[in-house]
Amino acid sequence: MVKCIAIDDEPLALRQIKSYIERAEQLELVASCRSAREAQLIIEQEHVDLIFVDINMPDMNGLDFVRSLTQNYFIVFTTAHSEFALEGFKLNAIDYLLKPFSYEEFMKATQKVISLVDLVERCRAAESAAAQNEAEEADQGYLSVKADYKTQLVKIADIVYLESAGEYVRLHIEGGQTITTLFRLKNMEASLPANNFLRVHRSYIINLKRISSYTKGRIFLDNGEYIPLGENYKERFFNFL
């Protein structure tokens, strides 16, 4: 539901916009205001997504009102003065309705806002899900390795890259620490999350989240080191990029 307010100093015009909003299923009228000052008090107290605002008003005109806003709102100007259209769109207005306008014209403008609100909500949901997944990986992702006659738990997110050393694998950990364990790189690769780690050379696996740049066959990591990109691994790496 898109929450909106209507601002117009003309009672008949305000009544018409209010009736249009009440007819639209996806709109919810928070308040109808006779002045920009009254609207300012409303938006300080209530959540609002969309503002329908007249331009030519006595206390503060609609353009100055929009400029005074400290938060981002979807704006639709409703006015009888076409000469303000360019200035209105410079303020990133979604639409500019010239009075008198029909319900169909009103709904065309409204549908743009509904689509944008839906897009914003989808983006926020995706960001929230990604953040939650990263948090879960950080909390639960550990690798058990044997080194120096003991078993160690290594946080997967802290691994910058892995290096093959014959029958051993050397884990390069954030902060410069290294852990050497009796393990083959191929078997280690199967133990790591495939969406975070990629084999880029017969002797190296890198943490994809640690890449800072790539140039001329070298993959630079965020610890300042670089890893050579093997010829047989280029296609997978470029697909990732």
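Nothing in this text is a laboratory measurement; each read-out follows from the coordinates by a stated rule. Values in this document were obtained by computation on a predicted structure and should not be read as measured data. As a convention, Cβ positions derive from the backbone with ideal geometry for all residues, glycine included, and neighbour counts pool all protein chains shown.
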* Provide the descending list of Cα extents for the chain along its principal axes, expressed in whole angstroms. => 85, 37, 29
* Asked: Taking the Cα atoms of segment 2-134, what is the range of coordinates along each of the three principal axes, in descending order and whole Å?
  -> 52, 30, 28
* **With Cα atoms, 0 to 90° folded angle of helix 11-23 axis to the chain main axis** => 40
* Considering the dipole of the chain built from charges on the beta carbon (Lys and Arg +1, Asp and Glu -1) around the Cα centre, which of 126, 17, 89 is farthest to its positive end? -> 126
* Angle between the Cα long axis of helix 103-140 and the longest principal axis of the chain, 0 to 90 degrees, nearest 10? -> 20
* **For segment 141-240, size of Cβ-based charge dipole, Lys and Arg +1, Asp and Glu -1, in debye** => 180
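Could you tell me what a quarter of the Cα convex hull surface of segment 114-241 works out to, in nm² with one decimal place?
Working: hull surface 38.5 nm².
Result: 9.6 nm².
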* Could you work out the helix-only [θ] at 222 nm for the chain, with each DSSP H run of four or more residues adding -39,500 (n - 2.57) and the total divided by the number of residues, to the nearest 500 deg cm²/dmol? -> -11500 deg cm²/dmol
* Size of the dipole of the chain about the Cα centre, Lys and Arg at +1 and Asp and Glu at -1 on the beta carbon, nothing else charged, in debye to 20? -> 1360
* Enter the angle in degrees (range 0 to 90, nearest 10) between the Cα long axis of helix 36-45 and the first principal axis of the Cα atoms of the chain, meaning the one along which they spread out most. => 40
* **P(r) histogram, all alpha-carbon pairs of segment 66-185 included - 10 Å bins from 0, percent** => 11, 24, 15, 10, 11, 13, 11, 5, 0
